[in-house]
Amino acid sequence: MTDIEKLQDCYHQIRTITDFMPKIALVLGSGLGGFADDIQVVDTIDYKNIKNFPISTVQGHRGRFILGYYNNIPMVAMQGRVHYYEGYSMQDVVLPIRLMKLLGANILFLTNASGGINRNFSAGDFMLITDHISTFVPNCLVGENFSSLGTRFPDMSHVYSYRLQDLIRQTAIELDINLKEGVYVQLTGCSYETPAEIKMLSILGADAVGMSTVCEAIAGNHAGMEVCGISCITNMASGILDKPLNHIEVQQIADRVAPQFKRLVGKVISKLQ
Ligand code: HPA
């Protein structure tokens, strides 16, 4: 099965379950999945019930689509995403993004947990993603181009919509949230970085590091979606503080800031009428 056949097959399977047409696609990162509780649910589809769909194996990632309304806005949320480090191809990793676009979503709202590289950040901060570095992971557009989805050489000069960036900044001010901004770099994982790697990434202009999101932003941009992203800085990256990193702590910080995160994302979505 080619990637496009797989995508179409997944789409048809979903269409046998629901005819719901979301306008917004939201990807919920580690520990941030609680936002889904505020959605007026129309349909829930477990990834494992979609044949050929890549399934997340990470703790704290539930693995389902939630289709429904947030303040009357039709949306689809991914509670859990798949990562490249789980062994899937980049084409598989971005399949859900393309699928949500086929379902009707034209706005892609990405969220994640990341390590802070910028020394002005602290654990628990939110960072508006203003740009990204994709150079350290395979590009999801390598291989046959699906011209029905997008062009062969898509422009990446503003992946993250200026309109949505402004909306997020404005909303953070209204909610009295101190929103940081910066460049997110995706690495493959799944080990955390060494201090030398973080120093390198800092020199290259990255403010936060993680193991997701960039490939999804590329796929969304390729498919003509309006993309935005917020990263939750769950820890300072390796070597910045003299402290080893672990996944449990990353999740604990994400849990702590989840209520504030829900308010920010919720208010931004409410403005997207
Ligand atoms: N590095 C990579 N990915 C991460 C980190 C980190 O420090 N924190 C959360 N996700």
The ³J(HN,Hα) series, computed from each phi in the range 237-242 with the Karplus coefficients 6.51, -1.76 and 1.60 at θ = phi - 60°, rounded to the nearest Hz and given as x for glycine or proline, is 5, 3, x, 6, 10, 7
For the range 93-108, just list the computed ³J(HN,Hα) in residue order, Karplus coefficients 6.51, -1.76 and 1.60, θ = phi - 60°, integers in Hz, with x standing in for Gly and Pro. 4, 9, 3, x, 5, 5, 5, 5, 5, 4, 5, x, 6, 10, 10, 10
Spin-label pair D43/D166, simplified geometry with 7 Å Cα→Cβ offset, distance in nm: 3.6
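At 0.36 nm per residue, minus the direct Cα-Cα distance, what do I4 and T194 gain on full extension? Give it in nm, one decimal, please.
Details: separation 190, 0.36 × 190 = 68.40 nm, distance 3.73 nm.
Full-extension gain reported as 64.7 nm.
Kindly identify the range 33-121 as rounded, prolate or oblate by the Cα gyration tensor criterion: order the square roots of the eigenvalues as a ≥ b ≥ c, call it rounded if a/c is under 1.5, otherwise compare a/b with b/c, prolate if a/b is larger, else oblate. Kindly include the intermediate steps, with their values, before the conclusion.
Values: a/c = 1.67, a/b = 1.15, b/c = 1.45.
It is oblate, given that a/c is not under 1.5 and a/b is not larger than b/c.
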Determine the alpha carbon to alpha carbon distance for each of K243/K267; K48/K180; K101/K271; K48/K101 and list only those over 25 Å. K243/K267; K48/K180
Through the Karplus equation 6.51 cos²θ - 1.76 cosθ + 1.60, θ set to phi - 60°, convert the phi angles of the range 13-18 into ³J(HN,Hα) values in whole Hz; use x for Gly and Pro. 4, 5, 5, 7, 9, 8
What is the spin-label model distance, in nm, from R256 to K271 if the labels are put 7 Å beyond Cα along the C-beta direction? 2.7
Amide H contacts of S238 (H built 1.01 Å from N, under 5 Å, at least 5 apart or other chain): E193
Do you know the relative contact order of the chain, to the nearest whole percent, from alpha carbon pairs under 8 angstrom that are 6+ apart? 25
For K199, go through the aspartates and glutamates and keep the ones whose alpha-carbon is under 18 Å away, minus same-chain ones fewer than eight residues off. D207, D242
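I want the antiparallel fraction of DSSP beta bridges within the chain, as a percent rounded to 5. Write out the running numbers ahead of the final one.
On the way: 18 of 49 bridges.
Within the chain, antiparallel bridges account for around 35 percent of the total.
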Send over the semi-axes of the range 139-273's equivalent ellipsoid, whole angstrom and largest first, taken as the square roots of 5 times the C-alpha gyration tensor eigenvalues. 26, 23, 13
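Going by average Cβ neighbours within 10 Å, how do the peptides 109-116, 163-170, 27-34 rank, with the highest at the top? All intermediate terms of the calculation are to be shown ahead of the outcome.
Details: 109-116: 26.8, 163-170: 16.2, 27-34: 23.4.
Ranking, from highest mean packing down: 109-116, 27-34, 163-170.
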For a Förster distance of 45 Å, can you work out the FRET efficiency between the beta-carbons of N52 and S122, rounded to the nearest 0.05? 0.60
Rough spin-label spacing in nm, given labels placed 7 Å along Cα→Cβ, for E174 and I17: 3.3
Sorted on mean Cβ neighbours within 10 Å (highest first), peptides 35-46, 209-220, 70-81 come out as 209-220, 70-81, 35-46
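Restricting to DSSP H runs of at least four residues, report the calculated mean residue ellipticity at 222 nm for the chain, -39500 (n - 2.57) per run over all residues, nearest 500 deg cm²/dmol. List each step's numbers first, then the result.
On the way: 7 runs with 83 residues, N = 273.
That comes out to -9500 deg cm²/dmol.
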Of the candidates Y162, A25, A223, the farthest towards the positive dipole end of the chain (Lys/Arg Cβ +1, Asp/Glu Cβ -1, centred on the Cα centre) is A25
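Taken together, the values in this text are just the output of simple stated rules run on the coordinates, not laboratory data. All values derive from a computational prediction rather than experimental measurement. Heads up, the Cβs are rebuilt from the backbone with ideal geometry, glycines too, and the neighbour counts pull from every protein chain shown.
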